[in-house]
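Report on the structure given below.
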Amino acid sequence: MQKDQLFTRRRMLLAGAAALGAAGTAGLVMAGSEEAPPRPAVLAGPQARQVLKPSAYRLQPLTGYGPPRTPPRRLTVRHEPILRISTRGRHMMLTFDDGPHPDYTPHILDTLAKYDVRAMFFVCGEMAVDNKELLARMADDGHVVGNHTWTHPLLTELGRRDIRDEMERTSDVIEDAYGERPQWFRAPYGAWNRAAFQLGAQMGMEPMAWTVDSTDWEEPGTRTIVDRVESGAAPGVVVLSHDAGGDRSQSVRAIREYLPYLLDSGYRLTVPSRRT
Ligand code: ZN
């Protein structure tokens, strides 16, 4: 299959996933249940092109592969990350950070596919660049990929230019491998600062944190991870897990147990619908 055909197929799948998501996806709320301020109206189509400066456009590849790159839509700057999804039903969201990793991520993807469940992956650029085929699979399987910086630094110790570089390079590699730029961002270690919120908004990314930490990063044993997720289960909960950054075989085994448990308990695992 030609590369451009692959992209077309992925985009069709993404569009299909987004349509499903729009029907069945819960909304998102900020920390403290505050409502986000209204976003400015966004022009679409030819009007939008007229108001953008030429410098806002990225260089297009000469070969013409893939969809045309569009500049990200600026978002309203938040002051706190999103911690949970707002839902009237039993919706939860699974998120996996720090990958993709060839030893662990494929097993997690296999388990998600077995139960026909979508999840979010907050990837690091330095991992993504060596594992682009895993991002392509995430696109094919309908998962949502977010930006988790290039090298996983403590953003609170970086200057604005370095933070921008960490985020922008990662969005670039995600766009190349996944087929579109990320619309979600998660700060490493959950350490947010004003620059991260501002730069994320400029790049069209909402800040997403989590509600329940599976503590899999401590490698506490599969049973403990399963217990944390199952005891933390509640409507609107966003679960933090990891598919890289250490030995994640416990995380791989844990999802095989807690995912069917959550489904049997009546939870629907969801991902955010794509903003257009
Ligand atoms: Zn992380």
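Throughout, read-outs are computed from the coordinates displayed, never taken from laboratory work. Since the model is a prediction, treat every value here as computed from it, not as a measurement. We place every Cβ from the backbone using ideal geometry, glycine too, and count neighbours over all the protein chains shown.
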Let me check I've understood the local charge: for Asp243, count other residues with C-beta under 11 angstrom from its C-beta, Lys and Arg +1, Asp and Glu -1. What total comes out?
-3
Rg(Cα) of segment 140-276 divided by 2.2 N^0.38 Å?
1.12
Put in order of increasing Cβ neighbours within 10 Å, starting from the fewest, Leu240, Leu154, Leu83 give Leu154, Leu83, Leu240
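Below 15 angstrom from the Cβ of Asp227, what's the summed charge of the other residues (Lys, Arg +1; Asp, Glu -1)? List each step's numbers first, then the result.
Working: positive: Arg223, Arg228, Arg253, Arg256; negative: Asp213, Asp216, Glu218, Glu219, Glu230, Glu257.
So the surrounding residues net to -2.
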Formal net charge of residues neighbouring Met205 (Cβ-Cβ distance under 11 Å; K, R +1; D, E -1):
+4
Spelling out what I want: for every residue of segment 194-205, take phi, set θ = phi - 60°, compute 6.51 cos²θ - 1.76 cosθ + 1.60 (Karplus), and round to whole Hz; glycine and proline get x.
4, 4, 5, 5, 5, 5, x, 5, 4, 8, x, 10
Starting from the Cα gyration tensor of segment 194-274, multiply each eigenvalue by 5, take the square root, and state the resulting semi-axes largest first in whole Å.
26, 17, 10
For a test of the definition: using alpha carbon positions, the gyration tensor, and the 1.5 limit on a/c, classify segment 100-146 as rounded, prolate or oblate.
prolate
Residue by residue through segment 234-251, what is 3J(HN,Hα) from phi via Karplus (6.51 cos²θ - 1.76 cosθ + 1.60, θ = phi - 60°)? Round to whole Hz and write x for glycine and proline.
6, x, x, 6, 9, 9, 9, 9, 9, 10, 6, x, x, 6, 9, 5, 5, 5
